[in-house]
Structure formats: C-alpha cells, structure tokens
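Chemist: One structure, as structure tokens, below. Some questions next.
The values are calculated or read from the model by the stated rules, or taken from the named source; none is laboratory data. On a predicted model such as this, the values are computed, not experimentally measured, just so you know. Every residue, glycine among them, receives a Cβ derived from its backbone with ideal geometry; neighbour counts consider all protein chains shown. Accessible surface is based on the protein model in full, side chains and every heavy atom, while ligands, DNA and RNA are left aside. Shrake-Rupley method; radii C 1.70, N 1.55, O 1.52, S 1.80 Å.
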Amino acid sequence: MLGPEVTITVCPDGPLLVRGPAELLDGDGNALTRNRETVALCRCGRSGIAPFCDSTHKKRRATTGSAGGSAS
Ligand code: FES
C-alpha cells in the first residue's frame, strides 16, 4: 500500500510548492512548523519570512522588465 504522495512543483521565477505530508527541517535538522497542506519555499533569497515565500519575488520581476541602461 502506498502512502500519501508528496509533490514538489518548481514555479518559474517563484517558489517551490511542496504538497503533501513532507517533513520540513531547518539547517540544523529542527522541524519547521507547517500551517498548510501546501507550503511555498523561497528560491529567490529575498523573502522576509525565509525559508517560506512571501511573494517578494514578484516585486523583483516587476522592476526588471525594462531594457535597462544607465543615465549618467
Ligand atoms: S520565491 Fe517568493 S519570495 Fe522568494
């Protein structure tokens, strides 16, 4: 009999979505509290609630849409 399934979805320019009963551990091996069935883990390194995503990655994408160039 198979147990509950865990899936991890890579969101383009966004977080990793972890669905299912995966145990999340911090860098010291301590369990992280999950409040939801689906957890979004930050991949951009800019979240204020790391290791979880707080959608800050969307702000970064919105400000890098121009062709660029400096005015000096
Ligand atoms: S991936 Fe969403 S804040 Fe980093």
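Chemist: From the set of residues in segment 9-37 that are under 17 Å from His57 (Cβ atoms) and outside any loop (DSSP other than H, G, I, E, B), which is most open to solvent (accessible area, probe 1.4 Å)?
Modeler: My answer is Val10.
Chemist: Looking at this structure, is Ser55 open to solvent by less than 40 Å² (accessible area, probe 1.4 Å), among the hydroxyl-bearing types (Ser, Thr, Tyr), within 16 Å of the ligand (Cβ to nearest atom) and out of contact with any strand residue (DSSP E or B) (no Cβ under 8 Å at 6 or more places or on another chain)?
Modeler: No; evaluated as a whole, the condition is false for this residue.
Chemist: Restricting the first residue to segment 34-52 and requiring it to be on the phi < 0 side of the Ramachandran plot, which pairs with a second residue that is open to solvent by 80 Å² or more (accessible area, probe 1.4 Å) and not in a loop (DSSP other than H, G, I, E, B) meet a Cβ separation below 7 Å and a spacing of at least six or different chains?
Modeler: Short answer, once both residue conditions are applied: Glu37/Arg19; Thr38/Arg19; Cys44/Arg60; Arg46/Arg60.
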